[in-house]
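I have placed the structure first, in the form of structure tokens, so that the comments after it can refer back to it.
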Amino acid sequence: MLFPAPVSWRRVETTEKPFVKDGLLHVPRSVFRELSFEAFRDVSFFLRASHLKALRDIFDAPDASPNERFVVLELLKNACVAAGGILPLCQDTGTAAVIGEKGHAVLTDGFEAEALTDGIKKAYAELNLRHSQNAPSSMFGESNTKTNLPAQIDLSAVRGDSFDFLFIAKGGGSANKTFLFQETKALLNESALFPFLFEKIKSLGVSACPPYHLAVVVGGPSAETTLKTVKLSSARALDSFPASEFGFRDEETEKKLLGLVNKNGLGAQFGGRHFCIDVRVIRLARHGASLPIGIGVSCAADRNVLAKISADGVFLERLETDPARYLPDVKAEKLPVETTEIDLDRPLTETLKDLSALPVGARVSLNGTMIVARDIAHARFKELLQSGKPLPDYLKRYPVFYAGPAQKPDGFACGSLGPTTAGRMDPYTELLQKNGASLIMLAKGNRSAAVAESCRRYGGFYLGTVGGAAAQTAAKYITSCEYIDYPELGMEAVWKITVKSLPAFIVTDDKGNDFYRNVASVR
């Protein structure tokens, strides 16, 4: 059930209109198609005003670290760029998810799921979004569908005379931070539950682009119910969840947990005390032999929008179209001003020497040529080595940026482009570095101890850049972008880009030091 807090709505004009006849609300098929298109257009370029205000509040907070202020300022700038409707908020424009509740007094032709899918397909074809869905051709083979379909569409029947929806564009990094733990009643006391949750939430790390909207669900009649409740709660679609014998929202626990998890040191991506914007905790009924606990997040690219179809018309939640009003009057003393310029077009040995002189956590400004490659390309590189073939020379000459761009709009060097989760490339790092490749890596999030050891052994570096600010990155920091290898992979192809003043932080250095292990150990 959807139980959002009060919502400000905007009317959506559709070709055909819903109408009431014989006491029933009749909804033509085209309404679903057009509403779906409008929803994914809005949610790809605009954010909720409450989310933007929360980012601004972090910037203004007395206890915000300079790095946090830098990150949220980039996120606010990113919202301003994306609001132009050309470059989407995040390069991972997500899996399209639709959760709908059809009132008993609503009549359709039964094909609303297909119509919603048609609207999604149109949005991802026309709006400079990214096609990220892969369909299997065999147990181990797959290919990109080139439509971003299939979508997740879950429709259910409820009492009422309206058709209510939650539309979500869920990026892979954020979706990957949804977890289910099958526990026991031994956790149902404060002294056990809070330490358990602290460690599990801390282990989420920063790869899903904090500051997060965190959801925790304790209990549930099934694992499926628990995780669906996590998803709804992280989108703030259960903020008015009514207390009953089946469960309730626990605002007291939310406050305690927020204060606790924000002490983990990770902060808003590069250290601080604002790991989470807010927490939602839902306590559900459970089978006596089971205690499912679900955890999930909505990331800094918080792409959720509510909608409804009623006798009054078709409506979408009003998102903020003027995010510039949340931009702060920046004072230099609130931001980390020390930055080191790094010329990536010098010989790689000289760039490595420059980085080696800096401590982990140092901010750098990157200028020059980089290679963009991620999961499937790295699997291809591994196959080359396993077959006795040499690696491409570009992997040894230039840093590699783990990313996959959205579609390129006219007038821009590339589509929205930001870092993907670095941890997915961890299995390839030691193999590539010992062959003289990937000695400078750029992405987002924590990495394994094995990567730190590989960097120590082979003299490599891992740099982190701001996640969730892909429109800003494409518009401000990238001056050229071109395919250079595996063009058949689409957004997973290998690209060569030129960057100008791209901000980054040294996360792992050639001595094996790891920034995140340092900040997380200080509470």
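Could we say that Gln407 is open to solvent by 50 Å² or more (accessible area, probe 1.4 Å) and closer than 30 Å to Asn128 by Cβ here? It would help to see each step written out before you state the result.
Working: open to solvent by 50 Å² or more (accessible area, probe 1.4 Å): yes; closer than 30 Å to Asn128 by Cβ: yes.
It is true that Gln407 is open to solvent by 50 Å² or more (accessible area, probe 1.4 Å) and closer than 30 Å to Asn128 by Cβ.
Filter the range 465-516 down to the residues that are basic (Lys, Arg) and touching a Ser or Thr at 6+ places or on another chain (Cβ under 6 Å) and list them by number. Before the answer, list the steps.
Within the range 465-516, the subset basic (Lys, Arg) is 476, 496, 500, 511.
Selection gives Lys500 alone.
Since Lys255 meets every condition but one in (1) open to solvent by less than 10 Å² (accessible area, probe 1.4 Å); (2) without any contact (Cβ under 8 Å) to a residue 40 or more places away in the chain, which condition does it not meet?
Evaluating Lys255 over (1) open to solvent by less than 10 Å² (accessible area, probe 1.4 Å); (2) without any contact (Cβ under 8 Å) to a residue 40 or more places away in the chain leaves (1) as the failure.
Name the single residue that is farthest from Gly313 (Cα to Cα) among those in the range 3-45 being assigned to a helix (DSSP H, G or I), of a type outside the set (Asp, Glu) and open to solvent by 20 Å² or more (accessible area, probe 1.4 Å).
Taking the candidates together, the pick is Arg41.
Taking into account only those residues within the range 278-291 that are buried (at least 24 other Cβ atoms within 10 Å of the Cβ) and out of contact with any Asp or Glu (no Cβ under 6 Å at 6 or more places or on another chain), which is nearest to Val217 (Cα to Cα)?
Ile282
Might you let me know whether the range 74-85 holds any residue that is modelled with pLDDT of 95 or more, in a loop (DSSP other than H, G, I, E, B) and either surrounded by 18 or more Cβ atoms within 10 Å (Cβ to Cβ) or out of contact with any helix residue (DSSP H, G or I) (no Cβ under 7 Å at 6 or more places or on another chain) (or both)?
yes
Touching a Pro at 6+ places or on another chain (Cβ under 6 Å) and buried (at least 22 other Cβ atoms within 10 Å of the Cβ): which single residue out of Phe59, Phe167, Phe163 fits that description?
Phe59
If we scan the range 24-44, do we find a residue that is more than 21 Å from Arg236 (Cα to Cα) and β-branched (Val, Ile, Thr)?
yes
Could you figure out which of (1) over 25 Å from the mean Cα position of the chain (by Cα); (2) part of a loop (DSSP other than H, G, I, E, B) isn't true of Pro328?
(1)
Taking the range 159-199 on its own, how many of its residues are of a type in the set (A, V, I, L, M, F, W, C) and either touching a Gly at 6+ places or on another chain (Cβ under 6 Å) or under 25 Å from Ala125 (Cα atoms) (or both)?
Selection size over the range 159-199: 7.
Pick out the one residue from Ala285, Ala289, Ala237, Ala300 that is in contact (Cβ under 8 Å) with a residue 40 or more places away in the chain, aliphatic (A, V, I, L, M) and more than 24 Å from Ala54 (Cβ to Cβ).
It is Ala285.
Residue-by-condition table, conditions (1) within 19 Å of Ala471 (Cα to Cα); (2) touching a helix residue (DSSP H, G or I) at 6+ places or on another chain (Cβ under 9 Å); (3) of a type in the set (Phe, Trp, Tyr):
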| site | (1), (2), (3) |
| --- | --- |
| Arg33 | no, yes, no |
| Asp42 | yes, no, no |
| Leu47 | yes, yes, no |
| Leu52 | yes, yes, no |
| Ile58 | no, yes, no |
| Ala64 | no, yes, no |
| Val71 | yes, yes, no |
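Which condition does Leu319 not pass, out of (1) over 29 Å from the mean Cα position of the chain (by Cα); (2) of a type in the set (A, V, I, L, M); (3) closer than 28 Å to Leu55 by Cβ, if it passes all the others?
(1)
Step by step: first the residues of the range 177-230, then only those that are surrounded by 15 or more Cβ atoms within 10 Å (Cβ to Cβ) and charged (D, E, K, R), then the one that is farthest from the chain's Cα centre (by Cα). Which residue is that?
Checking each candidate, the answer is Glu183.
Give me the residue from the range 364-374 that is in contact with an Asp or Glu (Cβ under 7 Å, 6 or more places away or on another chain) and outside any loop (DSSP other than H, G, I, E, B) and, out of that set, most open to solvent (accessible area, probe 1.4 Å).
Once the filter is applied, the top-ranked residue is Asn367.
The values are calculated or read from the model by the stated rules, or taken from the named source; none is laboratory data. Remember, it's a predicted structure, so these values are computed and weren't measured experimentally. So basically every Cβ, Gly included, is an ideal-geometry build from the backbone, and we count neighbours across all protein chains shown. Surface accessibility is based on the protein's heavy atoms, side chains included, excluding ligands, DNA and RNA. Shrake-Rupley method; radii C 1.70, N 1.55, O 1.52, S 1.80 Å.
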